[in-house]
Amino acid sequence: MDRTFPMTRAAGLDRLTAFLAEAGADYAASRNTDAGPGGRTTTSALSPYLRRRLITEAEVVSAAEAAFGDGGAEKFVSEVFWRTYFKGHLETHPAAWTDFLALAAADRGRLAAEPGLRRTHAMAIEGRTGIDGFDDWARELVETGWLHNHARMWFASIWIFTLRLPWALGADFFLRHLLDGDPASNTLSWRWVAGLHTRGKHYVARAENIRRYTNGRFDPVGLDEYPDSLDEPMPPREVALPVADTPPPGDVALLIHLDDLHPESLPLAGARVARVGGLLAHAPGASDRVRAADAAALADALDRAGAHFGCEAGPATGDWSGDRPVVTAWAPVGPSAEGLPAGCLRVRRAWDEAAWPFSTRGYSRLRSRIPQVVSA
Ligand SMILES: Cc1cc2nc3c(=O)[nH]c(=O)nc-3n(C[C@H](O)[C@H](O)[C@H](O)COP(=O)(O)OP(=O)(O)OC[C@H]3O[C@@H](n4cnc5c(N)ncnc54)[C@H](O)[C@@H]3O)c2cc1C
């Protein structure tokens, strides 16, 4: 599988076309198999593009439904909606993100004070635990910036339940290296594996399952296959979904950021974009590879935006916006939202507006509304 991810919209669309022509037809049956970096692709590997919205969920879903029909695309569409669900869930449970950041900082402090923990952590992130598969995934993540979904699940489960390492340090390790590193999907997936998202329901990695879905490449021994799930005293509190703004008519300055890099399709109503600025806010601790990908993706979006709106486009520094009102795509909980200037007007896509109100509890509520969201 090609693990180079040129961070342009054109490269994302090429990958989508290749997926529809190749692995897409067999997706539902083969998506659980991880054939490894040199093996056959079983999933789309579109996540670095979707995470930054270089391509949007709406266009990916519509292309899959056009290629395979509603029934043939159902499993793939449902997986795309996991991303939408996690985004909406974190918007209404922002403490899951801030608690994770605080936990990870506290756990990093523990590493300095506890030599045993420090040793196990170092062996885990350097791929030296001796656990078949786990060590390979640790190295694969650092070397390529991407892991198959099943490998992420096995890795997180072994990290938490066999190595007994703090889950927040694992989520932190992923966020530093994943090219699709996302505050919502990453934090909530780690919480889900631990049994904190759906309380008491944890994901347990089993040797037999790993052998089977890696085509026998890995055969780990010594896994704890009967652990209890984790618990926490205070689950993240639900808050009301913040209301989006309406773009004003007339000249505006458009601020684009790493959570939405397709400004051409933003719902800007009567606003006229007279200047475009780019905000580069990386995930905390992001690796050089992730930072370079972020910068390339933003540069691509600025080029397209400048051409599309017929105005100057560059980094949002100094007095880039002039006296114009600043409009931006909604930045979900995470570094971009934290970096937005005060007073800017945040517009939300119809996709998120339709889906997020159904993302406050479990996924099944949103799943039953997928046709409704897609038509919105
Ligand atoms: C511990 C753990 C951490 C994760 N961290 C991230 C992360 O930081 N960023 C991220 O984008 N995904 C994350 N995921 C979800 C999932 O593993 C990836 O989205 C998926 O592997 C991307 O591969 P793909 O593009 O080939 O997916 P495909 O199977 O081709 O699916 C298409 C798209 O749907 C979305 N999607 C699919 N499965 C999931 C899922 N389970 N959860 C959320 N979205 C999904 C992705 O945007 C993906 O690109 C994590 C999963 C686990 C278990």
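Taken together, the values in this text are just the output of simple stated rules run on the coordinates, not laboratory data. Please read these numbers as outputs of a predicted model, since none were measured by experiment. No Cβ is skipped: glycine too gets one built from the backbone with ideal geometry, and neighbour counts run over all protein chains shown.
Classify region 9-91 as rounded, prolate or oblate from the Cα gyration tensor: take a ≥ b ≥ c as the square roots of its eigenvalues, call it rounded if a/c is under 1.5, otherwise prolate when a/b beats b/c and oblate if not. Verdict is rounded for region 9-91.
Taking neighbour Cβ counts within 10 Å as the exposure measure, how do Glu208, Glu59 sort from fewest upward? Intermediate values should be presented prior to the final figure.
On the way: Glu208 9, Glu59 15.
Starting with the residue having the fewest Cβ neighbours, the order is Glu208, Glu59.
Residue order for Ile158, Ile210, fewest other beta carbons within 10 angstrom first, comes to Ile210, Ile158. A simple packing score, the average count of other Cβ atoms within 10 Å per residue, orders the peptides 238-244, 298-304, 50-56, 2-8 as 50-56, 298-304, 2-8, 238-244, with the highest score first. With the simple model of a label 7 Å out from the Cα in the direction of the Cβ, Ser30 to Glu143 spans 2.3 nm. Listed by Cβ neighbour count within 10 Å, with the fewest neighbours leading, Asp180, Asp319 appear as Asp319, Asp180. The label-point distance for Asp70 and Asp219, in a model that sets each label 7 Å from Cα toward Cβ, rounds to 4.7 nm.
Placing pseudo-labels 7 Å out from each Cα toward the beta carbon at Leu241 and Trp82 gives an inter-label distance of 2.2 nm. Packing here is the average count of other Cβ atoms within 10 Å per residue, and on that basis the peptides 249-258, 367-376, 12-21, highest first, run 249-258, 12-21, 367-376.
Once the Cα gyration tensor of region 250-347 is diagonalised, what are the square roots of 5 times its eigenvalues, in whole Å and ordered largest first, as equivalent ellipsoid semi-axes? Intermediate values should be presented prior to the final figure.
On the way: eigenvalues 92, 42, 28 Å².
Equivalent ellipsoid semi-axes, largest first: 21, 14, 12 Å.
Placing R0 at 41 angstrom, the Cβ-Cβ distance between Asp288 and Gln372 gives a FRET efficiency of 0.45 after rounding to 0.05. When shorter helices are ignored and each DSSP H run of at least 4 residues is given -39500 (n - 2.57), the per-residue value for the chain at 222 nm works out to -15000 deg cm²/dmol.
If the chain linking Thr98 and Ala113 were pulled fully straight, counting 0.36 nm for each residue of separation and taking away their Cα-Cα distance, it would gain 3.1 nm.
Of the GluC sites (Glu not before Pro) in region 93-193, the ones in a loop by DSSP (not H, G, I, E or B) with at most 16 other beta carbons within 10 Å are Glu126. For the chain, report the % of Cα-Cα distances exceeding 29 Å. Roughly 43 percent, once rounded to a whole number.
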